[in-house]
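Notes follow once the structure below has been shown.
The values are calculated or read from the model by the stated rules, or taken from the named source; none is laboratory data. Predicted, not measured: the structure shown is a model, and the values here were computed from it. With ideal geometry, Cβ positions are generated from the backbone for all residues, glycine too; neighbour counts draw on all protein chains shown. All accessible areas refer to the heavy atoms of the entire protein, side chains included, with ligands and DNA or RNA removed. Shrake-Rupley method; radii C 1.70, N 1.55, O 1.52, S 1.80 Å.
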Amino acid sequence: MTSSQGFLGFWETAGSAKTFTHPLDPALLDAYVPRSARVLDYGCGYGRLTAELAGAGYRAVRGVDVSAALIARGKREHPELELLRCPGFPLPFGNGAFDAALLFAVLTCVPRDADQTAIVGELGRLVRPGGVLYLSDVPLQGDALNRERYARFSARYGTYGVFETPDGGVFRHHPPERLRGLVREAGFTVLKEREGSVATLDGQTAQRLQLIARRDPVPPEPVRPEPVPPEVSPGPASG
């Protein structure tokens, strides 16, 4: 899990004890991410999906999260996993270090536009050209409960879709086009979309949107022509 700096406290306290429920879609994963892939689980929390990937035969998997409490929990529950706390960017990996990245129910925990852009942009740096981003998140919901809290908190946060929960969490639901736009801006092309329902942290049910996106080729640097020296005019003939 990850969060904007101002909201990180929740994930070091009450949020670090939550049981995460946003599931992988095994068929979608299998279709686009081979077992040999180097996979980054960004916003891994306590390593729930990282462990699921490892159990499914993905051996080159790393989990990264900004929360010290969640990473500490993950190391207790899954000592065999490579879980790393990274509070900021850039992450300690080279350009194109991964064949695939997971971004599961992460942007819903990041209320600010700039922080969301930074996250997806960093994954654009880390996923090699031709690699895959598998994003799953929560779009705007149409039920009465969510519409009411979107409206109630929109003035405070300046964004329709951001809301607070009674235990101190701040979350965000998105217009689907915003999720697609973040992916495109980071250099990915969406290949596949899938909708469905998932359980939420508070025991409700929400609709989710899954995106499979391919990292675009990096355009080559333009070839700069060698400078041509100026022509030198012949001087006057001496008499």
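Annotations for the structure displayed:
- Selection within segment 139-158 - open to solvent by 30 Å² or more (accessible area, probe 1.4 Å) and either of a type in the set (A, V, I, L, M) or over 22 Å from ALA14 (Cβ atoms) (or both): LEU140, GLY142, ASP143, ALA144, LEU145, ARG147, GLU148, ALA151, SER154, ALA155, GLY158
- Residue identified as closer than 22 Å to VAL127 by Cα, open to solvent by less than 50 Å² (accessible area, probe 1.4 Å), at pLDDT 95 or above and assigned to a helix (DSSP H, G or I) among ALA31, ALA54, ALA72: ALA54
- Odd one out for VAL120, checked against (1) closer than 19 Å to TYR46 by Cβ; (2) open to solvent by less than 60 Å² (accessible area, probe 1.4 Å): (1)
- Members of segment 57-69 found to be outside any loop (DSSP other than H, G, I, E, B) and not small (Gly, Ala, Ser), listed by number: VAL61, ARG62, VAL64, ASP65
- Among the conditions (1) over 24 Å from LEU28 (Cβ atoms); (2) touching a residue at least 40 places away in the same chain (Cβ under 8 Å), the only one that GLU164 does not satisfy is (2).
- For segment 187-223, the set of residues classified as over 15 Å from LEU24 (Cα atoms), modelled with pLDDT of 70 or more and not in a strand (DSSP E or B) consists of GLY187, LEU201, ASP202, GLY203, GLN204, ASP216, PRO217, VAL218, listed by residue number.
- The lone exception for THR108 - which of (1) polar (S, T, N, Q); (2) at pLDDT below 95; (3) under 19 Å from LEU211 (Cβ atoms) it fails: (2)
- Single residue of ARG214, ARG178, ARG184 found to be open to solvent by 80 Å² or more (accessible area, probe 1.4 Å), touching a strand residue (DSSP E or B) at 6+ places or on another chain (Cβ under 9 Å), free of Cβ contacts under 8 Å to residues at least 60 places away in the same chain and within 22 Å of GLU122 (Cβ to Cβ): ARG184
- Listed conditions (1) under 23 Å from ARG172 (Cβ atoms); (2) open to solvent by 20 Å² or more (accessible area, probe 1.4 Å); (3) outside any helix (DSSP H, G or I); (4) in contact with a helix residue (DSSP H, G or I) (Cβ under 7 Å, 6 or more places away or on another chain) are all met by PRO90, apart from (1).
- Residues that are at positive phi and part of a loop (DSSP other than H, G, I, E, B) within segment 123-161 comprise GLY158, GLY161, listed in sequence order.
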